[in-house]
Amino acid sequence: MPEVSKMKKPDVKIVLLGDMNVGKTSLLHRYMERKFKETVSTVGGAFFLKQWGPYNISIWDTAGREQFHGLGSMYCRGAAAVILTYDVTNWQSLAELEERFLSLTDTANHDCIYALVGNKADLTDSKAQLCQDSDGLVKDRTECNEECEVPSGCPTPPASPTSLPGVMLRKQVINEDAVTLYGRILRYKGLEEKSSLPAEKMCFETSAKTGYNVDTLFETLFDLVLPSILRKRQENQQSPTVDLEECRMVGSKKGRSGCC
Amino acid sequence: MSVKAFELVPAVERDLLMGDKARINIECIECCGKHLYVGTNDCFIHHFLLAEVASSKGKPGYLAQKLLHKYLGLKKPVAELRAASALERLIVLCEGIVFLVDMVTLETVPSAGGGGAKIRGVASFCVNENPVNTDPFCVEMGVLSSKRRTVQIYMVYEDRVQLVKELTTPEQPCAVSLDGYFLCLALTTQYMILNYNTGASQDLFPYNSEERRPIVKRIGREEFLLAAPGGLGMFANAEGVSQRAPVRWSESVIGAAVCFPYVVALDESFITIHSMLDQQLKQTLSFRDGHILQNFEGKVILASTKAVYVLVPLPLERQIQDLLANHRVEEALILTEGAQRNIPKDKFQNLHKRILQQAGFIQFGQLQFLEAKEHFWKGQLDVRELISLCPLLLPASSSFTRCHPPLHEFADLNHLAQGDQEKVLQCKKFLISYLGEVRSTEVVNGCREDVDTALLKLYAEQDHESLLDLLASDNACVLADSVPWLEKYHKYFALGLLYHYNGQDSAALQLWIRVADGELQDPTRSDLFEYIVDFLCTSSNVDLVWKYADWALRKDPIVGVRVFTKRHTSKDQPDLNPDDVITYLGKHSQALLLYLENLVLEKRVQKEKFHTHLAVLYLERVLSLMSQSPKDEEQLTKARERLQALLRESDLYRVQFLLAKMENREELLLERATLHGKLEEHDKALHILVHQLRDFPSAEAFCLWASSSRDSAYRQQLFHLLLGVYLDGSPPGQSGDSGELEMAAVDLLNRHGEVFDAVRVLRMLPEGWSLQLLRPFLGRAIRANMHACRTSRIALGLAHSENLQLLHDRCKKPVFVSEKKGCHLCHNTFSEPSVVCLPGGVPVHTHCVAQRVRDSPTKRHTEPQFPSWTLQLWS
Ligand SMILES: Nc1nc2c(ncn2[C@@H]2O[C@H](COP(=O)(O)OP(=O)(O)OP(=O)(O)O)[C@@H](O)[C@H]2O)c(=O)[nH]1
Ligand SMILES: [Mg+2]
């Protein structure tokens, strides 16, 4: 059997997680192909290679459907960053992140970076609706939150939103909810809040449809995973795996450390 | 749309295997080289020889020849078969027992020394294709127990099996694959990787093996293909990481194999083929009663319950061409590049190039120029393929013919654009930029003429600004082909450049002159006339210059004369003889004047003839201006100034000749004074200036000018002369105010007192003049005298003291000079007693001192610093 050729070997892995229909595939399309197009619900998973400076970053798009849930751990294995995605118009999609997806990240790297992304901001936020250029950077997030504040005491999520142009939907998840969840994620990981990346930096609201904040999201993460790439390269230099025997040894060692 | 990547070819048909026995089913197969083994449900092993034959249409075919069949003597079906060809053994699983069978005779191998060649209670087993143990006469095997939750590793030898390792698993295992130390296992509820050497394990993902049959296939080093929930084919490596995106099978998938770059999967009614390169479904073949799908050393074999088939990959090139035919450029390229490892290097390179070129043309046809360019470039396209899309662009002399088989389907650009002229134009623009980029690279080696000529034609046709750059620099445009083309587009200036580049300057000039004269229209250069003149200036062909200078002079003498005045002279550009030029310019007076001015005033040619000629021309002009009425005073002043300047500054013209021409010309007294000055007839000159013109400033200026390169005595002489003229008063018979002359004399003295010899002046002055009048002059004279007197006294005193000093030195310390002593300045010895003594009593040669004084620039004009007294000493 011929040796299966591997494509350009990625230096680092980023994984998109989140419930079905929150827009993971759309976000990746928007970033990689600069457009918003029709998607079908992802089957299994897919990945893209992004050249970032001298590095190759693989970005995995996973399937949100329950059926493929079991594959999540494997996709997350060795990930340097995980993008936990929810839909700002769907409260349940945020809840699912904690209930269903957080445990999948147990296989990710110890220094894995977590980003919380509320997508479909265009449906609730006039700013995100107009923003076609994603370099327009984050306008004023706090100001935006005040504008879009949901009246308290109305927690029942409405039926799945359909996007009508110009009609604003009610925002079900405000940024503060995401910030709180981010704190809980850190606690789950056993990380100190002080020594971790701050929630303001790691909670994003995006729109794959208009491109709002999409570049900012990915490029912030790329920059944050660079140290991880460098460390990995250094490790590889320290143990050059030329010999096949040795190659196995290394593999097995990693295997062990990975599972305990 | 899909690709045809494989063809399903029957190998062993039903008849051959079971004849008409309806209840016999195929249970397992093994293929090893040409040997095909089939295990059936009635506990037989059938042995076939499988030969590849080409059928009539060039399609692949297989011919199976039955060699043997053997009943194994048990009641259950043969569940699994594996060949260990180095041992000449088949490993058989039947009725839960693994045992060995001879590959040739199919006889069961008796155990060596009791029971060692059988393993009981086996659910399934696999052979390690990439064992860590490298003993060629033993095979490593992973065995799943049917009752216990264990995996065992056995070594299989020719006549025995040996247990080397046993590991327990968390759940009942039901499928296994082995690579190196890594076991990939399907357990009841999940897949896992287990390192049998270290015992380390890695969970992969959950899978309900009771619900759906798991698939675990080793597809390469430390990489496995697994059936995942939802009908996915997942890849996982030994570290438990997926490095490829999954492919999507149906839920009912039975078997899978990798035949690079494809993943082949079998379900109840179809064979599906996905590319591992882009995860897309590429081909579907219907296949009923599918049962087994396995890859044996690169050969994918399938079996239904009754017959065996081979899935033959179509030649890669066919697949790629199919993709290209459907304009699936990306996929074609991915497939080509993915196949790099499986094709010899040079063959791959040729294939790759061709595919890149074809891809480029497809994109070109879709006006995706950026992508097309990249592919043309990478594929090192012979650019003439592109050029030939525009009719008539290639020169008639080109030997180019399009590549066969053709790289594209287009007859020409019009065909490509289906008559849309806007598109044709876009294509041409692309062609221009592409040719411009490649023309200086090695891609065009051997066809530079074709490329440059095509580019020239496109530039001309599109009125492109780079046309001139192309022609003005190194190029290989074919002249014969370009001439009619450039004429057609009225690019006459460019055509001239091309003639020039081809050494046909005369043709170039003739053409340009027709444009400059308005006979032909080409707005390229509004300054074409100047351009032609400059061109003649630099032309090394003198005949051309003589031939066309007349035209230039007639068109505009001032610009035209530049042909001669601005001529660059260098080795390969012979200079023109000025006499010839002057003769030639005879009828072009304005040009002649400019030419002479250039010779005399700018080039400063020191020849009497030219100077005199110029002076005469100046004079004639002055005279002609003077004879006009009304006079143009401004012009006249200018003309006289020029004449005067020349008369003053040049020393070469024939003075008498000019003087004769001005005889009796009362208007030209000033000029005549200058001429007299040239003849050193200063009295005449001053007479004219003082008495005839009464122009005292000019008289004074004359004295300064006439003595400008002479010594002070000469100047004094002249000033005294002028003073004399002033003091003598008006000559008899000429009316004039002698008081005016006296005032001029006073002014002269007061202004230029330093020039005069004061004593002589005092003697000349009339007695009656008041001192007050001459006060500035006298004051200055006295002060100067006093100063001179005192200075010389000081010098005298200093010299005296120095002498004393030296005398003292000498008396105190005798100066010794001998043949052994060296001179301080030249370090040679003394040969004669006369020496010069430097201060401090240092003796040196007299000639050395003299030399030193001469060489020292600061001392050249002063007295030698060293008081040089000569010693007449010889000790
Ligand atoms: N208005 C709006 N719609 C979006 C946005 N992003 C995605 N959608 C829509 O949401 C739907 C789901 O998008 P996907 O990108 O397929 O969602 P997914 O997270 O990949 O879903 P799975 O693959 O099933 O996990 C599609 O109909 C998109 O058009 C967004 O930013 N704004
Ligand atoms: Mg998706």
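When only alpha carbons are used to place a centre, region B:276-303 and region B:307-334 end up 14 Å from one another.
Note on region B:166-216 and region B:543-568: Cα centroid distance 98 Å, given to the nearest whole angstrom. Normalised by 2.2 N^0.38 Å, with N the number of residues, the alpha-carbon radius of gyration of region B:6-314 equals 0.97.
The gain in end-to-end length when the B:GLU158 to B:LEU659 segment is fully stretched comes to 167.0 nm, 0.36 nm per residue minus the alpha carbon separation. The alpha carbon radius of gyration of region B:688-783, expressed as a multiple of 2.2 N^0.38 Å, is 1.05. Per residue of B:192-203, other chain Cβ atoms within 10 Å of the residue Cβ number 4 on average. For the pair B:SER708 and B:ASP550, a Förster radius of 30 Å applied to the C-beta separation gives a FRET efficiency near 0.10, rounded to the nearest 0.05.
Rounded to the nearest 0.05, what FRET efficiency do B:LEU576 and B:HIS808 have when you use their Cβ-Cβ distance and R0 = 51 Å? Once the sixth-power term is evaluated, E becomes 0.10. Mind running the shape call on chain B? Use the C-alpha gyration tensor, a ≥ b ≥ c as the square roots of the eigenvalues: rounded below 1.5 for a/c, prolate if a/b tops b/c, oblate otherwise. Prolate.
Averaging the inverse of every distinct alpha carbon separation and then flipping it gives the Kirkwood radius. What is it for region B:400-470, in angstrom units?
13.4 Å
Judged by the ratio a/c of the largest to the smallest principal axis of the C-alpha gyration tensor, region B:761-859 counts as prolate, that ratio being 1.5 or greater while a/b is larger than b/c. Annotation: the residues B:ARG448, B:ARG640, B:ARG554, B:ARG218, sorted from fewest to most other C-beta atoms within 10 Å of their own C-beta, follow the order B:ARG554, B:ARG448, B:ARG640, B:ARG218. The modelled label-to-label distance between A:ASP223 and B:ASP527, using points 7 Å beyond Cα along the C-beta direction, is 5.2 nm. Rg over Rh for the protein assembly as shown works out to 1.28, using Cα positions for both radii and the Kirkwood form for Rh.
So what's the gap between the Cα centers of region B:14-66 and region B:743-777, to the nearest angstrom? Taking the Cα centre of each part, region B:14-66 and region B:743-777 sit 143 Å apart. Relative to the current alpha-carbon distance between B:GLN504 and B:HIS404, full extension at 0.36 nm per residue lengthens the span by 32.0 nm. Label zone (B:ARG23, point 7 Å along Cα-to-C-beta; backbone nitrogen cut-off 15 Å) within region B:42-70: B:42-44. Mean sequence separation of contacting Cα pairs (under 8 Å, at least six apart), scaled by the length of region B:186-299, corresponds to a relative contact order of 16 percent.
Placing a pseudo-label 7 Å from each Cα along the Cα-to-Cβ vector at B:GLU442 and B:ARG760 gives an inter-label distance of 8.8 nm.
Distance between the 7 Å Cα→Cβ label points at B:ALA476 and B:GLU297: 5.2 nm. Rounded, prolate or oblate: which fits region B:643-736, taking a ≥ b ≥ c as square roots of the Cα gyration tensor eigenvalues, rounded meaning a/c under 1.5, else prolate when a/b beats b/c? Oblate is the answer for region B:643-736, as a/c is 1.5 or above yet b/c matches or exceeds a/b.
How high is the relative contact order of chain B, in percent, with contacts defined as C-alpha pairs under 8 Å that are six or more residues apart?
Dividing the mean separation by the residue count of chain B yields 4 percent.
Lysine pairs in region B:354-465 8 or more apart or on different chains: how many have alpha carbons under 18 angstrom apart? Summing the qualifying lysine pairs gives 5.
Read-outs: derived from the displayed coordinates by stated rules, not from any lab. Remember, it's a predicted structure, so these values are computed and weren't measured experimentally. Cβ coordinates were reconstructed from backbone atoms using ideal geometry, including for glycine residues, and neighbour counts include every protein chain displayed.
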